[in-house]
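Reviewing the structure listed below.
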Amino acid sequence: MKLLKSSRMNLYRYLFDSNLWKKNIEKLFKSKSSYILIRASLGENKDIRLVSLTDVSKLKELEKTSKRIRAMFFSSIAHELRTPLNSILPITQQLKARFSHDKHSSFLMEVIINSAYHLENVIEDALDMSRIENNKFEIVRSSFNIRKVLDEVLKILEF
């Protein structure tokens, strides 16, 4: 659905001077305080035209509120999930160092650490989705060792 600013095109002029009468369309006009949805469709014999104009301002307002609530929810959930991870990771790393002589225990600690980092990345991905929806997403480029990442994934899957 295309959003047309009323300052660029008058709604009346659009209805009568455009290609509205040649094809099926759905367009959204925005004025300072309201949104008008235009739906136009051809009849079966192509000479009858049905045009409906609907004020969807309340729906747009509800959509904006919904986005804000979703962003607050993601932020809150991310915080609640990160808090236990902030204790799991250092404790597991200490246990791994303490039991480094026991291969099996060391392996299990490594699986826990890798799984915690994986969960941390999942949380960050969910937050990225929220940032994308709110046009606040930034791409950060960094290099990494793909072989190391694949080894970590394989360790998680082996367990």
Exercise. Search the range 123-151 for residues being among the hydrophobic types (A, V, I, L, M, F, W, C) and surrounded by 10 or more Cβ atoms within 10 Å (Cβ to Cβ), and hand back the single one that is nearest to the chain's Cα centre (by Cα).
Key: MET129
Quiz item: List pairs: first in the range 128-149 and without any contact (Cβ under 8 Å) to a residue 12 or more places away in the chain, second in a loop (DSSP other than H, G, I, E, B) and not β-branched (Val, Ile, Thr), Cβ under 7 Å, 6+ apart or cross-chain?
Solution: ASP128/PHE137; ARG131/PHE137
Self-check item: Residue count for the range 55-105, restricted to those that are more than 30 Å from SER33 (Cβ to Cβ) and in contact with a helix residue (DSSP H, G or I) (Cβ under 6 Å, 6 or more places away or on another chain)
Solution: 10
Quiz item: Of the conditions (1) closer than 26 Å to VAL149 by Cα; (2) touching a Leu at 6+ places or on another chain (Cβ under 9 Å); (3) in contact (Cβ under 8 Å) with a residue 40 or more places away in the chain, VAL111 fails just one. Which one is it?
Solution: (2)
Exercise. Within the range 108-129, work out how many residues are under 23 Å from GLN94 (Cβ atoms) and of a type outside the set (Gly, Ala, Ser).
Key: 13
Exercise. Select, from LEU11, LEU4, the only residue that is touching a strand residue (DSSP E or B) at 6+ places or on another chain (Cβ under 7 Å), surrounded by 10 or more Cβ atoms within 10 Å (Cβ to Cβ), under 30 Å from MET129 (Cα atoms) and at pLDDT below 65.
Key: LEU4
Exercise. Determine whether SER106 is surrounded by 10 or more Cβ atoms within 10 Å (Cβ to Cβ), within 30 Å of LYS30 (Cβ to Cβ) and of a type outside the set (Asp, Glu).
Key: no
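The values are calculated or read from the model by the stated rules, or taken from the named source; none is laboratory data. Predicted model, so just to flag it, every value in this text is computed and none were measured. Methodologically, a virtual Cβ is constructed for each residue, glycine included, from the backbone with ideal geometry; neighbour enumeration extends over all protein chains shown.
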